[in-house]
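The structure appears below as structure tokens.
Computed from the coordinates by the stated procedures, all read-outs in this text should not be read as laboratory data. Everything numeric in this text was worked out from a predicted model, so none of it was measured. So basically every Cβ, Gly included, is an ideal-geometry build from the backbone, and we count neighbours across all protein chains shown.
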Ligand SMILES: C[S@@+](CC[C@H](N)C(=O)[O-])C[C@H]1O[C@@H](n2cnc3c(N)ncnc32)[C@H](O)[C@@H]1O
């Protein structure tokens, strides 16, 4: 998919949209000791809810939050102002052209971003290299089943839910990737994506896939997971 399509798509995302619950991100990060004044990088920050929650949790943190979409950053700046937060440095930027401080960062959040990267290895390597010693990288995405037929079924349905093409990973794909990029002490926080309360359009495409494969919702619920995986640089 062309980048300009992605940017156009993110210009249409309604105000207040977050693709992750900030409280879950905070909770997972806090299960490891954190510097008193952490340096934080939120890549593909969207409308900034995670960055804002981190700024509220750590008022002395130095937080840089970037997104390739100018509209998403405008909404993030507005949300931060409304929350009374002025400590976040928001920027419109593509991570491929963004230089992070050489001293290293303590926390990196990449929530629902890896699936847009043409080269996921280069992406995670860039992030892992940017971490200070004992720094944490949190990656969040949908988690595909390892086995068929669940893997293809979830890939088909989730791709129909999203307005642009994305890549898909299982828990093992992501943990292997973090390890290959030199991170260890992996932790994971994952949850089922509930299929009983979907917006109408998503429900309709799920129903079509169920019909096509002659399956019921109880057959497929076990295949739908999303999660955050954290790795530490040692
Ligand atoms: C699904 S949204 C997730 C937003 C936010 N992290 C959240 O969880 O709510 C993906 C975001 O990644 C951004 N993005 C995609 N490619 C990017 C790139 N190369 N550099 C920076 N941001 C990018 C998109 O503009 C979009 O806002």
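Side notes on the structure shown:
- Counting 0.36 nm for each residue step from residue 186 to residue 56 and taking away their Cα separation leaves a gain of 44.3 nm.
- Helix 120-130 axis, angle to the chain major axis (alpha carbon atoms, nearest 10°): 20
- Within the chain, percent of DSSP bridges classed antiparallel, to nearest 5: 45
- Distance in nm between pseudo-label sites at residue 74 and residue 207 (7 Å out along the Cβ direction from Cα): 3.7
- FRET efficiency for the residue 134 to residue 179 pair, using the beta carbon distance and R₀ = 25 Å, is estimated at 0.90.
- Over the chain, DSSP H runs of length four or greater, each weighted -39,500 (n - 2.57), average out per residue to a 222 nm ellipticity of -11500 deg cm²/dmol.
- Note on residue 125 and residue 102: their simple-model spin labels are 2.1 nm apart, each label 7 Å out from Cα toward Cβ.
- Relative to the longest principal axis of the Cα atoms of the chain, the long axis of helix 171-180 lies at roughly 30 degrees.
- Bridge orientation summary for region 137-234: considering DSSP beta bridges with both residues in this region, about 95 percent are antiparallel.
- Taking the C-alpha atoms only, the angle from helix 70-82 to the longest principal axis of the chain is near 60 degrees.
- Each Cα pair under 8 Å and six or more residues apart adds its sequence gap; the mean of these over the residue count of the chain is a relative contact order of 19 percent.
- Rounded FRET efficiency, nearest 0.05, which uses the C-beta distance separating residue 194 from residue 32 and R0 of 25 Å: 0.30
- Highest-first packing order for the peptide set 75-88, 4-17 is 75-88, 4-17, based on the mean count of other beta carbon atoms within 10 Å.
- For the pair residue 161 and residue 214, a Förster radius of 35 Å applied to the C-beta separation gives a FRET efficiency near 0.95, rounded to the nearest 0.05.
- Full-stretch length increase - residue 172, residue 8 - with 0.36 nm per residue and alpha-carbon distance subtracted: 55.8 nm
- Largest mean-square fluctuation among 188, 66, 217, in a Gaussian network model of the chain whose springs join Cα atoms under 10 Å apart, belongs to 217.
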